[in-house]
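Encoded as C-alpha cells, the structure appears first; notes follow it.
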Amino acid sequence: MRLLVDSGSTKADWIAIDEEGKVLFTTQTLGLNPEILEGEEIIERINDRFDILQNKDKATHLFFYGAGCGTDRMKIELSRVFQEYFSNAIISVNEDTYAAVYATTPKGEEAIVSILGTGSNCSYFDGKVLQQKVQSLGYIIMDDCSGNFFGKELIRKYYFNKMPKELAVEFEKEYDLSADFIKSKLYKEPNPNAYLATFAKFLIQNKEHDFCKKIIFKGMKSFVKNYIRQFDNCKEVPVHFVGSIAFYLKDELQITFDKYELKLGNVLRRPIDGLIAYHVKNK
C-alpha cells in the first residue's frame, strides 16, 4: 500500500493506493507543516484519523509533498518522524511544489508552476528539474497573494477604518474581530498563517465589491512582479496554479495575466488526484 499526501499548512489530503493505482481509502488531516509543528504535534494529527492509524503498518511507501519542506533540514526532520510512525515504509519527503508540478504537467512539459493557497510560491519546471528564484521566508514577510496575505490585508483595513461601512458590518458578523481574540490566534496558538487564511473566504465571497477587487488585484500584481517575472521566459511558457485561492479567483488571474501578457495554464484546486496518475506511471 502506497500513501500519497499533499499537505499545506491548513490541511493535508491523504490517498492510499495499491500497486495498480486503485484507491483504498482517502482521508484528510490538519496540515503537517514542519516549520510550525513539532514531531509530537504531527503524530497527534495523524493519529486523529483512524483509517491511517489502522493501516500504518501496511504502508510500503509514503510520498509526502508538503508546505515547509523546502530545506534539507525540514525534509530530514519530517522523514525521521514519519519513519518512526510508518516503520515498514520507504519515506520520500518533498516540498509541495513537486505535487503541483506532477499534477499540472502530466506530460512533463516546461512550465512555471505556482501555489496560491494558505501560502504561496512559484517555481520553473524545465521538464525534469524544478528551479526556484525566490526562497520563501514564510507568511510574515512573503506569501504574496496567498490566503494569509489577504487575511492580513482585510484585518488591517478593518482596524485602520479603511473598510467600507457596509462591508465592515458583514465582516463583524462573520468573524470574532476583538483585539484580544485576534492577538491570541496570532501569537499564542499554533498555525497563525492558517488562521489568517480563513479571512480569504470573505474576500472571495465579496470579490465583486470594488474594495475587495482592489485588494485581490493588488495581491496578484505583487505575485506577478515578485515571483513570476523573476523567470526570463515567463511569457513563453504556461503558468499553472494549484490552490484554493487560485481556483476561486481564476477569472481575476486571467484578467491579470492578460494585462502582463502571460499564459494562464491549468488551475487546480487540489493536486492530489493528479498524483495518483503520476505515481502509477512512475512506480
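The values are calculated or read from the model by the stated rules, or taken from the named source; none is laboratory data. All values reported here derive from a predicted model rather than from experimental measurement. Quick reminder, even Gly has a Cβ in these numbers, built from the backbone with ideal geometry, and neighbours come from all protein chains shown. Calculation scope for accessible area: heavy atoms of the full protein, side chains included, ligands and nucleic acids excluded. Shrake-Rupley method; radii C 1.70, N 1.55, O 1.52, S 1.80 Å.
Hey, any hits in the range 99-116 for a residue that's open to solvent by less than 50 Å² (accessible area, probe 1.4 Å), of a type in the set (A, V, I, L, M) and in a loop (DSSP other than H, G, I, E, B)?
Checked against the condition, which is being open to solvent by less than 50 Å² (accessible area, probe 1.4 Å), of a type in the set (A, V, I, L, M) and in a loop (DSSP other than H, G, I, E, B), the range 99-116 yields no hits at all.
Name every residue in the range 256-283 that is touching a residue at least 12 places away in the same chain (Cβ under 8 Å) and open to solvent by 90 Å² or more (accessible area, probe 1.4 Å), in order of residue number.
Of everything in the range 256-283, those that are touching a residue at least 12 places away in the same chain (Cβ under 8 Å) and open to solvent by 90 Å² or more (accessible area, probe 1.4 Å) turn out to be Glu261, Lys263, Arg269, Arg270, Asp273, Lys283.
Can you find a residue that is over 30 Å from Glu41 (Cα atoms) and part of a helix (DSSP H, G or I) anywhere in the range 182-202?
no
Go through Lys133, Lys162 for me and flag whichever is closer than 23 Å to Phe241 by Cβ and open to solvent by 40 Å² or more (accessible area, probe 1.4 Å).
When all the criteria are applied, what remains is Lys133.
Filter the range 59-91 down to residues that are open to solvent by 10 Å² or more (accessible area, probe 1.4 Å), within 19 Å of Leu37 (Cα to Cα) and small (Gly, Ala, Ser), then give me how many there are.
Residues meeting the conditions: 4.
Hey, among the residues in the range 198-215 that are open to solvent by 20 Å² or more (accessible area, probe 1.4 Å) and among the hydrophobic types (A, V, I, L, M, F, W, C), which one's nearest to Gly151 (Cα to Cα)?
Step by step, filter the range 198-215, then rank; the result is Ile204.
Sort out which residues of the range 31-59 are aliphatic (A, V, I, L, M), touching a residue at least 40 places away in the same chain (Cβ under 8 Å) and under 29 Å from Ser146 (Cα atoms), and write them in order of number.
Selection gives Leu32, Ile36, Leu37, Ile43.
Where the second residue is part of a helix (DSSP H, G or I) and the first is among the small types (Gly, Ala, Ser) and lies in the range 167-185, which pairs have Cβ atoms under 7 Å and are six or more apart or on separate chains?
Ala168/Tyr158
Taking Asn121, is it open to solvent by 20 Å² or more (accessible area, probe 1.4 Å) and among the polar types (S, T, N, Q)?
Here the answer is yes, as Asn121 does meet what is asked.
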